[in-house]
Structures are given as structure tokens and as C-alpha cells.
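The values are calculated or read from the model by the stated rules, or taken from the named source; none is laboratory data. This one's a predicted model, so the numbers in the text were calculated from it and none came from an experiment. In case anyone asks, the SASA skips ligands and DNA or RNA and just uses the protein heavy atoms, side chains included. Shrake-Rupley method; radii C 1.70, N 1.55, O 1.52, S 1.80 Å.
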Amino acid sequence: MSSKVYCIAQFLPKAGQEKAVFKLLQGLEANTLREDGCIQYRVTRQIASPAATGTSFPIVFNEIWQDMKSFEAHNQRSELAAFFQSQCLSSDGLIEDWNVCVYSDEPEDFDAPKLA
């Protein structure tokens, strides 16, 4: 197995703001891809398929990081903190809700305590 960290960051834009949010998130890709430990960082949008009928927020970042240290360093970057402050936490932001989760491919992590 590996020490890789897989992150799924989902975003629910405010009504009518889907294209604007997608463009904002695309703007984060170039600098992030240059970060130490970044393996993949791609914003995607949900599309229709009869084989995939689950529910999700419509815009999702699919991220792969070399390790937790790299992922945590990414989250401390001023560009990312400013994005969350202005677009997610501010009432003037374009994002209604978000959900960020990290995953491991290590099976022994199933015994790790859950974060509250």
C-alpha cells in the first residue's frame, strides 16, 4: 500500500452560480499542481449517466497527494484559505455548501478513530 492521501472536495454553488464556481475552482488548479506532493488536482462537474444515479454536489475536486503532510501543507496555503473565506464562509460567496473528505488506501486505517 502507500501513504497517499485521496481527497474528494464537493461544492454546491448558490443557484445560478455553477459556471462561475467551476471557473473559480479551475483557477486553483495551476498553482496547486506545482505544490510539493501534489499528484492530481482536477475539478470536475457531475454529468448524467444511467449507470451512475447517485447523489452528490455538482462540482467535485478529485485530489491525490503524496502523503498527509503534503495535503495539510496545501490546506495552509494563503490562496486556498482566501478562497474558502471569500467563497464558502462569507455570505457574499458563491458557494452554498461544501464537503471535503480524505481517504487512504491502507486497510489498517479502518481501526483508526473517527474524527468528530
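May I ask you to compute the full-extension gain from Ser91 to Leu28, defined as 0.36 nm times their residue separation minus their alpha-carbon distance, rounded to one decimal in nm? Walk me through the numbers before you get to the answer.
Numbers: separation 63, 0.36 × 63 = 22.68 nm, distance 2.09 nm.
So the chain would gain 20.6 nm between Ser91 and Leu28.
The calculated 222 nm mean residue ellipticity attributable to helices in the chain amounts to -8000 deg cm²/dmol, summing -39500 (n - 2.57) over DSSP H runs of n ≥ 4 and dividing by all residues.
Our estimate of slack between Ile39 and Ala73, defined as 0.36 nm per intervening residue step minus the Cα-Cα distance, is 10.9 nm.
For the stretch 1-107, the square roots a ≥ b ≥ c of the C-alpha gyration tensor eigenvalues yield an a/c of 1.5 or more together with a/b not exceeding b/c, which makes the shape oblate.
Based on protein heavy atoms only, the chain ends up with 67 Å² per residue of surface accessible to a 1.4 Å probe. Measuring nothing but protein heavy atoms, the accessible surface of the stretch 23-116 at 1.4 Å probe radius is 54 percent carbon and sulfur.
For the set Ser86, Ser3, the ranking by accessible area, highest first and with no ligand, DNA or RNA atoms included, is Ser3, Ser86 under a 1.4 Å probe.
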